[in-house]
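Take a look at the structure set out below.
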Amino acid sequence: MNHKVIKASIALTLTAVMLLGSTNTQAYPPFVKQSARFGAKDCTFCHTKPEGGEGWNKRGQWLMAEKDKRKADAVDVAWLSEFGDKATDASAATVQANDKWAELDAYHNVMSQTFHPAEDGKLEPIRKRAGELADKAKQWLESKPPKVYESADIKALLVKLNAESKALADAIANGAKDEQLKKDLTALHDRFHEIIGACREEKKKHQ
């Protein structure tokens, strides 16, 4: 084999590796985008390799453990709002009873199982479960929050979430188009995380 053939083979191999790395890095761009507010710049925020895939750092391992603990179908980047306390303090690994809000978790489970498929263009889950999501929002609004989350601001946000969840269910019942459905669901998802942020701030006040 002459030098030109050898050089060509090496070049092709390097190109294939680069393309593979690029493909893997872009495999879950929404995760990197959603994690940006927590400081993520690339896949190494949770993975041990720049291209992502198997192999997780402490943060990624925590997310995978949360997925199993919550019996969720997929990882939700929003869980990272709780990462700092739980990962740095072993005594906080178990959520204290006075912090637990069952109705929050119930709403989040349905939101997670409908929003993430919608990100991939799969709207059937939210079309089927919008009524359930609205019911969970109502139950959350009417529930008694843990003392640490008793706040007029959180209550006001829950009122909005309840109204917007019902509006989404009504829109779907009335034949909402895909484009509008994606827009409304994304806005509802953002509202949910606004509440999570407010809960986090209230919790800090009690620490």
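All of (1) within 29 Å of residue 147 (Cβ to Cβ); (2) assigned to a loop (DSSP other than H, G, I, E, B); (3) at pLDDT below 75 hold for residue 72 with one exception: (3). Looking across 177, 182, 100, 155, one residue alone is within 29 Å of residue 59 (Cα to Cα) and out of contact with any Lys or Arg (no Cβ under 9 Å at 6 or more places or on another chain). It is 100. Looking at this structure, is residue 123 modelled with pLDDT under 80 and in contact with a helix residue (DSSP H, G or I) (Cβ under 7 Å, 6 or more places away or on another chain)? It is false that residue 123 is modelled with pLDDT under 80 and in contact with a helix residue (DSSP H, G or I) (Cβ under 7 Å, 6 or more places away or on another chain).
The values are calculated or read from the model by the stated rules, or taken from the named source; none is laboratory data. These numbers come from a predicted model, not from an experiment. Note: ideal-geometry Cβ built from the backbone for every residue, glycine included; neighbour counts use all protein chains shown.
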